[in-house]
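Undergrad: After the structure tokens below, expect a handful of questions from me.
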């Protein structure tokens with residue numbers, strides 16, 4: 001995941017820092033830690049928008065419940081934390097919203113050039129309800145089959161999401177619930193229970209959102225589960241180990257280990273050709289570890305041996321499968337725009353490439369993607385309402401009149417797409433950027449300095465490949481999905497009349513895969529070009545010279 005050009009790694013870091021700051025705030029009820037916790041959540045919003053706010057309920061509830069100070073001071077401090085979040089997140093939103101539309105790029109991903117529409121629509125509540133104007137096809141409604149299986153409480157365990165982050169979830173939830181029962185009667189400010197509720201609450205909140213979201217929910221969003229899952233595993237394992245002298249403590253610890261190993265066996269069994277011995281090893285060692293935990297009273301005369309056996313067997317069994325998967329994923333070359341893990345079950349959302357592992361073991365089609373693809377954000381680097389071209393993240397602002405490739409505007413959600421049957425780069429290519437052949441690259445570079453854009457094509461993912469190959473600006477009509485009403489047909493005709501665009505490259509898709517919104521603008525532009533200009537084929541790619549004079553329609 002962290003070899004992938006994607007904001008999720010930064011989001012995970014910021015949210016981990018925020019929860020850490022709240023833990024420190026619980027020590028002496030110091031306001032400065034609440035301010036830091038809120039600010040880090042705000043920075044998380046600037047990274048992936050509303051996804052960062054999923055941990056706010058856990059932060060607020062745990063502090064109100066367990067902080068060692070009076071009720072009204074706790075309320076006041078939580079309010080201060082909220083203000084800190086709004087300031088850290090809101091300054092950028094205000095800057096965009098208050099800048100006249102004529103003086104900034106188009107807000108990519110919105111259907112009305114509004115940053116608020118992007119925040120609360122496409123990148124916000126639309127992810128929960130499935131109502132995302134200008135979006136590609138997302139998940140299914142509750143109980144119905146969507147792109148990644150039925151939406152519901154078991155989504156994290158299906159063939160698309162299961163091997164992404166669910167290895168430890170069954171055992172963690174079981175042990176966490178048991179420890180909560182053990183600590184339920186502790187004093188209000190009990191630190192162990194507070195930490196349990198904080199990390200466990202964040203895990204449940206993020207997990208439920210991903211499970212029940214009916215809009216675009218990519219499997220790699222589960223990386224946000226990593227930090228709270230790790231926290232819950234650590235706290236509950238240590239808490240139950242400290243209670244190993246009690247029968248229920250040992251039983252719950254053994255049950256958590258066994259649940260983890262059984263689920264690891266199930267996940268590995270979905271890819272039986274990938275290290276086929278591993279699933280049997282995990283299950284066998286896990287059963288032995290559970291037996292040793294239950295037999296601890298009979299090993300009390302050799303405490304070091306008992307602890308060593310539990311640690312060796314338990315850790316090996318529980319962590320072997322996710323460790324192998326993590327190393328294999330990090331060692332696998334990447335391509336595309338949506339990350340996945342190694343191994344990826346057949347039919348479980350894998351992408352072309354193959355997931356190898358040093359020294360042996362290979363599972364066809366099990367890679368995670370990296371590279372191309374962007375995120376709906378705020379236009380490109382050109383002035384006015386010109387859309388940005390390809391690249392990773394379309395950005396707000398920038399100098400000059402020529403749009404650049406990169407950018408820094410992140411948001412809630414990954415690059416939409418990955419559904420079969422779309423057009424151009426959004427179909428079977430699963431968001432892989434179009435590749436420019438040498439002849440086309442040479443054509444685009446010829447007289448490039450005379451044009452604002454050496455070419456235009458529909459959607460930024462298609463534009464990215466041509467721009468990266470030629471190192472010249474390529475207009476992405478319709479923004480990331482090809483469904484943004486930017487530019488309009490009238491604006492595009494004006495750019496062509498002014499001689500600012502040299503070529504139109506066909507095959508980028510014309511917004512036909514979007515739902516609602518104004519994908520028709522890209523379709524209208526494509527139809528206008530096809531009816532007014534003469535097509536030519538350059539090494540298999542259809543190109544229209546927009547400066548050669550319009551053909552008779």
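The values are calculated or read from the model by the stated rules, or taken from the named source; none is laboratory data. Keep in mind the model is a prediction, meaning the values are calculated, not measured. Backbone-built Cβ (ideal geometry, glycine too); neighbour counts: all protein chains shown.
Undergrad: Filter the stretch 43-64 down to residues that are buried (at least 24 other Cβ atoms within 10 Å of the Cβ) and more than 18 Å from residue 201 (Cβ to Cβ) and give me whichever is modelled with the highest pLDDT.
TA: 45
Undergrad: So residue 309 clears everything in (1) at pLDDT below 90; (2) assigned to a helix (DSSP H, G or I); (3) within 30 Å of the chain's Cα centre (by Cα) except one condition, right? Which one?
TA: Looking at each condition in turn, residue 309 falls short on (3).
Undergrad: When the stretch 451-466 is examined, which residues are found to be touching a helix residue (DSSP H, G or I) at 6+ places or on another chain (Cβ under 6 Å) and under 18 Å from residue 437 (Cβ atoms)? Spell out how you get there, then give the answer.
TA: As a first pass, look at the stretch 451-466 and keep what is touching a helix residue (DSSP H, G or I) at 6+ places or on another chain (Cβ under 6 Å): 454-455, 457-458, 461-462.
Result: 454, 455, 457, 461, 462.
Undergrad: OK, next. Residue under question is residue 292, and the condition is that it be closer than 21 Å to residue 230 by Cβ, crowded, with 17+ Cβ neighbours inside 10 Å, touching a helix residue (DSSP H, G or I) at 6+ places or on another chain (Cβ under 9 Å) and modelled with pLDDT under 90; does it hold?
TA: no
Undergrad: Return the residues of the stretch 97-125 that are in contact (Cβ under 8 Å) with a residue 40 or more places away in the chain, surrounded by fewer than 19 Cβ atoms within 10 Å (Cβ to Cβ) and touching a strand residue (DSSP E or B) at 6+ places or on another chain (Cβ under 9 Å); say none if nothing qualifies.
TA: 101
Undergrad: Moving to a separate point now. Take residue 228 and decide whether it is surrounded by 22 or more Cβ atoms within 10 Å (Cβ to Cβ), modelled with pLDDT of 90 or more, over 24 Å from residue 283 (Cβ atoms) and in contact with a helix residue (DSSP H, G or I) (Cβ under 7 Å, 6 or more places away or on another chain). Write out each step before concluding.
TA: Values: surrounded by 22 or more Cβ atoms within 10 Å (Cβ to Cβ): yes; modelled with pLDDT of 90 or more: yes; over 24 Å from residue 283 (Cβ atoms): yes; in contact with a helix residue (DSSP H, G or I) (Cβ under 7 Å, 6 or more places away or on another chain): yes.
Yes.
Undergrad: Could you grab the pairs with beta carbons closer than 6 Å, sequence gap of 6+ or different chains, first residue in the stretch 68-88 and outside any helix (DSSP H, G or I), second one surrounded by 13 or more Cβ atoms within 10 Å (Cβ to Cβ)?
TA: Cβ pairs passing all conditions: 68/29; 68/189; 69/29.
Undergrad: Might you let me know whether the stretch 163-183 holds any residue that is surrounded by fewer than 21 Cβ atoms within 10 Å (Cβ to Cβ), farther than 24 Å from residue 314 by Cβ and modelled with pLDDT of 90 or more?
TA: Taking every residue of the stretch 163-183 in turn, none turns out to be surrounded by fewer than 21 Cβ atoms within 10 Å (Cβ to Cβ), farther than 24 Å from residue 314 by Cβ and modelled with pLDDT of 90 or more.
Undergrad: Go through the stretch 476-503 and give me each residue that's assigned to a loop (DSSP other than H, G, I, E, B) and buried (at least 17 other Cβ atoms within 10 Å of the Cβ).
TA: Within the stretch 476-503, 478, 479, 480, 481, 482, 483, 484, 485, 486, 487, 500 qualify.
Undergrad: Might you let me know whether the stretch 169-178 holds any residue that is part of a helix (DSSP H, G or I) and under 20 Å from the mean Cα position of the chain (by Cα)?
TA: The answer is yes; a qualifying residue exists.
Undergrad: Filtering the stretch 420-473 down to residues that are on the phi > 0 side of the Ramachandran plot and not in a helix (DSSP H, G or I), which residue is modelled with the highest pLDDT?
TA: 471
Undergrad: Report yes if residue 198 is surrounded by fewer than 19 Cβ atoms within 10 Å (Cβ to Cβ) and either free of Cβ contacts under 8 Å to residues at least 40 places away in the same chain or under 19 Å from residue 58 (Cβ atoms) (or both), otherwise no.
TA: Considered against the rule, which asks whether it is surrounded by fewer than 19 Cβ atoms within 10 Å (Cβ to Cβ) and either free of Cβ contacts under 8 Å to residues at least 40 places away in the same chain or under 19 Å from residue 58 (Cβ atoms) (or both), residue 198 comes out as no.
Undergrad: Report yes if some residue within the stretch 526-536 is touching a helix residue (DSSP H, G or I) at 6+ places or on another chain (Cβ under 9 Å), modelled with pLDDT of 90 or more, buried (at least 17 other Cβ atoms within 10 Å of the Cβ) and not in a loop (DSSP other than H, G, I, E, B); otherwise report no.
TA: So far as the stretch 526-536 goes, yes, one or more of its residues are touching a helix residue (DSSP H, G or I) at 6+ places or on another chain (Cβ under 9 Å), modelled with pLDDT of 90 or more, buried (at least 17 other Cβ atoms within 10 Å of the Cβ) and not in a loop (DSSP other than H, G, I, E, B).
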